[in-house]
Amino acid sequence: MGMKRTYESLFGRLSVPVLLSAPDNIYYSIGFSTTARRPAQIGLNVVLMTKETTWFVFPENWKPLVEEQEYDEKVILIPYPRTAGEPAETIVQLLDSLREDGCSHRLELGFEKERLELELYLQLEDALRRRGRSIHWQDISSSLRRARLVKSKEELQAMRKSAQVAREAMEYAKTILCPGKSEMEIVAELEYFMRKKGSEGVPFTMKVLSGENAARTINLPGERRIRPGDVVLLDFGAVVEHYASDWTRSFAIEKADSRLIKMYELVWKIEQECIAAVRPGVSFAELMACAERVLENHPLKPWFNPYLGHSIGLNSQEWPSIVPGTDMVLQKNMVITIEPGIYVPGAGGVRIEDEVLVTEDGYEILTGLSKEEFVIRGEGDRTIW
């Protein structure tokens, strides 16, 4: 799914040249990736865009790979030698060709403030300094984030495919979760399952957290073995046609005490109330208020995590996040996650997360199970190798 973004569609009325080096932004702007699947290593490839022309600057030994992909007619391919000072020297030469006033010593250049690698930044500064010139850096991160916020028809098709693979994996997870298996064993089985179903990788480190580990969501899966009565929190996604999916379910293994059942029922209610509120024009503050109304006077409120969700697309977690103080209003064709969670130290944690597409008059859930249940009894022996 090649991209054909115009300068105006990305940056509006901006008039300065723009430098893009983050792999996902390069893919978003011109459609290039190192394979047909995932973006390239950061810093090796650079896109320089103006209203009239787009230059794609890449290592010369990548020429066969670059030339086999399709681009808009405005894209000019510029290979650079793998020598010291590159790709900065090639970029500066291109910037020189754009100067209208040959006497100007200062260049205006848009860049991704949050993504530009320090090494490339220093190379560019050094190359210009040796020419007696300097750069006025203009951050374009906000424009780029907003352009990526609303998804095209092609992007939504890819995201539905990605969500479908993850959904099948979650259904499969219900059959293999059982006492005795370690968190890492479950991770390995689920990743292999998704690869077999067409996932190009995983968009983030998969989380399979059991028992007390589920109360500390910054944890990573380890060798802890699942026990009867544990809550196991599964947070993972797939990658299909470059686009990520991300969702979470929490399951009690074979049995659950009353505390855990109450946690699950509360989190489920919060998620359903917040999803029901999704439609164009609703603010993130209103979504947070939905959660607060369900939590009002509830004894578990102190353990509620106010992180309610985020946008999603080429990356599993994109700007903006649904947290207190975020000034954002939902628009048609945005895709967000709704992921309330309650985490009680020593007892465990419950999080439920779904991907939600904002439609013209409401929402569409891209994830979701055929049957929602909390207590499960996995078969345990359904490994697929």
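Some values worked out for this structure:
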item	result
Residues of region 282-312 that turn out to be over 23 Å from the mean Cα position of the chain (by Cα) and in contact (Cβ under 8 Å) with a residue 40 or more places away in the chain, as a count	3
So Glu271, is it touching a strand residue (DSSP E or B) at 6+ places or on another chain (Cβ under 6 Å), assigned by TED's automatic domain parsing to the domain that holds Met159 and more than 24 Å from Lys371 (Cα to Cα)	no
Residue that is of a type in the set (Gly, Ala, Ser), modelled with pLDDT under 95 and surrounded by 14 or more Cβ atoms within 10 Å (Cβ to Cβ), where the choices are Gly313, Gly341, Gly309, Gly348	Gly348
Residue match in region 82-91 (condition: closer than 20 Å to Ser15 by Cα, surrounded by 12 or more Cβ atoms within 10 Å (Cβ to Cβ) and either of a type outside the set (S, T, N, Q) or in the same structural domain as Val16 (by TED's automatic domain parsing) (or both))	yes
Which listed residue is outside any helix (DSSP H, G or I), within 18 Å of the chain's Cα centre (by Cα) and buried (at least 17 other Cβ atoms within 10 Å of the Cβ), from Thr205, Thr217	Thr217
Single residue of Val329, Val335 found to be closer than 20 Å to Ile270 by Cα, assigned by TED's automatic domain parsing to the domain that holds Phe204, surrounded by fewer than 14 Cβ atoms within 10 Å (Cβ to Cβ) and touching a strand residue (DSSP E or B) at 6+ places or on another chain (Cβ under 8 Å)	Val329
Matching residues, region 354-380, being among the charged types (D, E, K, R) and surrounded by fewer than 20 Cβ atoms within 10 Å (Cβ to Cβ)	Glu360, Asp361, Glu364, Lys371, Glu372, Glu373, Arg377, Glu379
Filter result for the condition that a residue is among the hydrophobic types (A, V, I, L, M, F, W, C), surrounded by 14 or more Cβ atoms within 10 Å (Cβ to Cβ), modelled with pLDDT of 95 or more and touching a Ser or Thr at 6+ places or on another chain (Cβ under 8 Å), over Trp303, Trp319	Trp319
Filter result for the condition that a residue is outside the structural domain of Phe251 (by TED's automatic domain parsing), buried (at least 18 other Cβ atoms within 10 Å of the Cβ) and not basic (Lys, Arg), over Leu124, Leu118	Leu124
Exclusive hit being of a type in the set (A, V, I, L, M, F, W, C) and in contact with a strand residue (DSSP E or B) (Cβ under 9 Å, 6 or more places away or on another chain), set Ala188, Ala127, Ala215, Ala147	Ala215
Residue that is nearest to the chain's Cα centre (by Cα), among those in region 220-240 that are surrounded by fewer than 17 Cβ atoms within 10 Å (Cβ to Cβ) and part of a loop (DSSP other than H, G, I, E, B)	Leu220
Leading residue by the ranking (farthest from Ala238 (Cα to Cα)) among those in region 14-43 that are in contact with an Asp or Glu (Cβ under 8 Å, 6 or more places away or on another chain), modelled with pLDDT of 85 or more and assigned to a loop (DSSP other than H, G, I, E, B)	Val16
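Here is a yes/no grid of residues against (1) out of contact with any Lys or Arg (no Cβ under 8 Å at 6 or more places or on another chain); (2) part of a helix (DSSP H, G or I); (3) of a type in the set (S, T, N, Q):
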| residue | (1), (2), (3) |
| --- | --- |
| Lys255 | yes, no, no |
| Leu260 | yes, yes, no |
| Glu273 | no, yes, no |
| Gly346 | yes, no, no |
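The values are calculated or read from the model by the stated rules, or taken from the named source; none is laboratory data. From a predicted model like this one, the values you see are computed outputs, not experimental measurements. Note: ideal-geometry Cβ built from the backbone for every residue, glycine included; neighbour counts use all protein chains shown.
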